[in-house]
Amino acid sequence: MPEIPDLDAIVSYLRTQIVEATIISFSLPRAWMLRSAPSITPESVLPGEKIEAIDRRGKHLLFSMREVSLVVHPMLVGRFYYVASEEKLPREMVFEWVLSTGKVLRYADEKQMGRLYLVPGRDYSSIPGFLEQGPDPLSADFTFERFLECLKNRRGEIKGLLTNAKVISGIGNAYVDEILFEAGIYPFRKKTDLSEGELKKVYEAIPTVLNRAKKIVAERMGTQIHLKIRDFLLVHGKGGEPCPRCGQKIATVGTWQRATNFCRHCQPGLMIDPSKK
């Protein structure tokens, strides 16, 4: 699932390439994936529209134009491609914009799980959960006090809370593992069991991990904005490998997209492993 480092790299690159570009034409092979208001049809509003801005909110990418905005939540495997039109089409392409730059912007989703919304102007009220998102963890006003306020009255496991978009927006399964490893916090600890000092470690680990990853991802992604770059992560996806701090094997709880990776020595926690309950 693309998370903040991936999405910010995509946004930064596309801003330099297609802001102020005009959509000459478009195709929508999987039209059923696009949700739009009954009064809006892509055929009537997209051709001739100029892309005015590209932004990120949580895990959503926002393509803002004069009359409408396209909001894309890539979910698990959604990918963007900004390429020459003669480039081979990606599998399960959802849409293609032919742009005045002479290139095309494509979005593909092999699992067809992504969510796309065409909304009037900058009105995001029709997008489920969009306006209810918590603060962006890299915003200037995301202070420790606000972090504590976001967690107030929450009683779940710290990993689940950090990946809850209503608590904090934009953190997913991969980077929450990295954040909790950085903080030395066991992912299945209840928030109510954590001291203020431990919560401060989690808070400080969030920008440390995300900003470090943003730099690496942006440098390595370059123009290949469809790439998923995760091999540099310290624990996520590294189950069974040596912990980079202590050398013990990195543990895995769960499977595939929801697997949690952590070090039992560096992140001590419950005596009973949740996978053995």
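The values are calculated or read from the model by the stated rules, or taken from the named source; none is laboratory data. Since the structure is predicted, the reported quantities are computational estimates derived from the model, not experimental observations. Here Cβ is always computed from backbone atoms with ideal geometry, including for glycine, and neighbour counts include all displayed protein chains.
The table that follows gives values for the structure above.
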{"read-out": "Residue list for the range 164-194, restricted to those being among the polar types (S, T, N, Q), outside any loop (DSSP other than H, G, I, E, B) and under 22 Å from Leu233 (Cα atoms)", "value": "Asn173"}
{"read-out": "Some residue of the range 114-130 being of a type in the set (A, V, I, L, M, F, W, C) and either without any contact (Cβ under 8 Å) to a residue 40 or more places away in the chain or exposed (fewer than 14 other Cβ atoms within 10 Å of the Cβ) (or both)", "value": "no"}
{"read-out": "Count - residues of the range 131-163 that are assigned to a helix (DSSP H, G or I), touching a residue at least 40 places away in the same chain (Cβ under 8 Å) and surrounded by 14 or more Cβ atoms within 10 Å (Cβ to Cβ)", "value": "5"}
{"read-out": "Any hit, the range 195-209, residues being touching a strand residue (DSSP E or B) at 6+ places or on another chain (Cβ under 6 Å), of a type in the set (Ser, Thr, Tyr) and either surrounded by fewer than 16 Cβ atoms within 10 Å (Cβ to Cβ) or farther than 29 Å from Phe232 by Cβ (or both)", "value": "no"}
{"read-out": "Residue that is surrounded by the most Cβ atoms within 10 Å (Cβ to Cβ) [pool: residues in the range 46-70 that are farther than 30 Å from Leu162 by Cβ and of a type in the set (D, E, K, R)]", "value": "Glu49"}
{"read-out": "Test result for Ala183, among the aliphatic types (A, V, I, L, M), closer than 17 Å to Ile206 by Cα, in the same structural domain as Gly239 (by TED's automatic domain parsing) and free of Cβ contacts under 8 Å to residues at least 60 places away in the same chain", "value": "yes"}
